[in-house]
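A short worksheet on the structure shown next.
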Amino acid sequence: MAKEEPSKLVLIEKRGTTTIITINRPHKRNCVNGPTARALYQAFLDFDSDATAAVAVLTGAGGNFCAGADLAAVLNQDEANPMSAEWEDTLPGPIGPMGPSRMVLSKPVIAAISGFAVAGGLELALWCDIRIVDTTATLGVFCRLRGVPLIDGGTVRLPQVVGRGVAMDLMLTGRAVKAEEALKIKLAACYPSSYETVNSTPALEQALALASLLAEHPQVCMRNDRLSTHLANPIREAMLKEYELGLETLTSGEFVQAITKFFEATDEKKKKGEGKKSSAKL
């Protein structure tokens, strides 16, 4: 596969007062490696400092939001995700393994979720202020199946959003949550505002309409109320503990064994697929 151009890993588009930030690795279901995490972090720094921008929409290219961290990057130092316990106590905050997960911005961010928002992708969605889904959306802690820990706020933010009981169910089982259930448990919503009926309109289109509404409000008041809500629930210490426990997992033999099995199974599926294609040509 050709080497990816760093400038194309994350796409940025301005539509009036809305900034659309798109993870652009569709061949990887928008999994985030180190360069992508850094590009995302910079994109949100730029958004937050842009006086003409009121709302950001985070989405993914090619029909998926984000399928988590790129496990292949673990084996490649040049592409490894940023890993650091350093966390200065000033806003907007430092870079996290998935990019912006440790940031506290001054303006709202909406997640537009089509397709998969799983593992670290779910953590990115939880970092956003509002999660909008369409009928194609699937959310979940799929990293449970690979022995990969939640280290971008998932163990902290998920219970805040859906309650501890439901969060434990999702975190311990790693099961898939379709759009209908995501609305029911208040993990996500649709727009026009609904936690009951899934909207078939693409999530990005819904999110842009919602962003326009937010941009019409008196901005100082809305942003201060929003920021007060974030600061009233400090998560820095909890996320540092999450990170500490996550590192313990990452350095264990269990993690290496799990992702090795994952790649072996993936390679086997590819070989079988290629075999079927060859047979079809005979």
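No lab work stands behind these numbers, since they all come straight from the coordinates. These figures come from a predicted structure and were not determined experimentally. Using ideal geometry, Cβ is built from the backbone for each residue, glycine included, and neighbour counts are taken over all protein chains shown.
Remarks
- Gyration tensor verdict on region 1-140 (Cα atoms; rounded if a/c is under 1.5, prolate if a/b is larger than b/c, oblate otherwise): rounded
- Annotation note: GluC sites (Glu not before Pro) in region 30-99 located in DSSP loop regions with a Cβ neighbour count of at most 12 within 10 Å are 86, 88.
- Residue by residue, region 239-253 carries 3J(HN,Hα) couplings of 6, 5, 5, 4, 5, 4, 5, x, 4, 4, 5, 5, 8, 7, x Hz when phi is fed to the Karplus relation 6.51 cos²θ - 1.76 cosθ + 1.60 (θ = phi - 60°); x denotes Gly or Pro.
- Global form of region 6-251, assessed from the alpha-carbon gyration tensor, a/c cut-off 1.5: rounded
- Per-residue ellipticity at 222 nm from helix content only, as computed over the chain with -39500 (n - 2.57) for each DSSP H run of at least four residues, stands at -13500 deg cm²/dmol.
- Acute angle (nearest 10 degrees) that the helix 164-173 long axis makes with the longest principal axis of the chain, alpha-carbon atoms: 20
- Region 164-236: C-alpha gyration tensor shape, a/c 1.5 cut-off, then a/b vs b/c: oblate
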